[in-house]
Amino acid sequence: MEAKHTPGPWAVEVDTRQDGQPGYAIRQGDDGYGAVIAETRPDEPSTNTLANARIIAAAPQLLAALRDMTSWADSLGEVAKNCGAIDRSVMLNSAIASARAAIARAEA
């Protein structure tokens, strides 16, 4: 499926507003000049702000990896099923379903 979001990679940069409030900008590309995708600004000092910015910036790469993994896991699930490893097949199918739900949410 074609991405509806701004293509990655995305990068995190320190971004202080004119009022001095610290935060981070998530930008397209890694040169500091791309479009701003999102900003994280704590309501109060927080150690989570940078971590939140990093996970947002990783979203395109995580989505691509999840797509690759579900494609590979589909094949592995069939092998497990054909080898009689029913328990493994059920667990793998459950993981694939969760991954597909996350992909669908990201691509909605």
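How would you rank 100, 27, going from fewest to most other Cβ atoms within 10 Å of each one's own Cβ?
On the way: 100 15, 27 23.
Ranking 100, 27 by Cβ neighbours within 10 Å, fewest first, gives 100, 27.
With a cut-off of 13 Å between beta carbons, the residues surrounding residue 14 carry a summed charge of +1, where Lys and Arg count +1 and Asp and Glu -1.
Please report, in cubic angstrom per residue, the volume enclosed by the convex hull of the alpha-carbon atoms of segment 1-76.
Considering the Cα atoms of segment 1-76, their hull volume per residue is 108 Å³.
No value in this document is a laboratory result; all are computed from the given coordinates. Everything numeric here is computed off the predicted structure, so don't read it as measured data. Cβ coordinates were reconstructed from backbone atoms using ideal geometry, including for glycine residues, and neighbour counts include every protein chain displayed.
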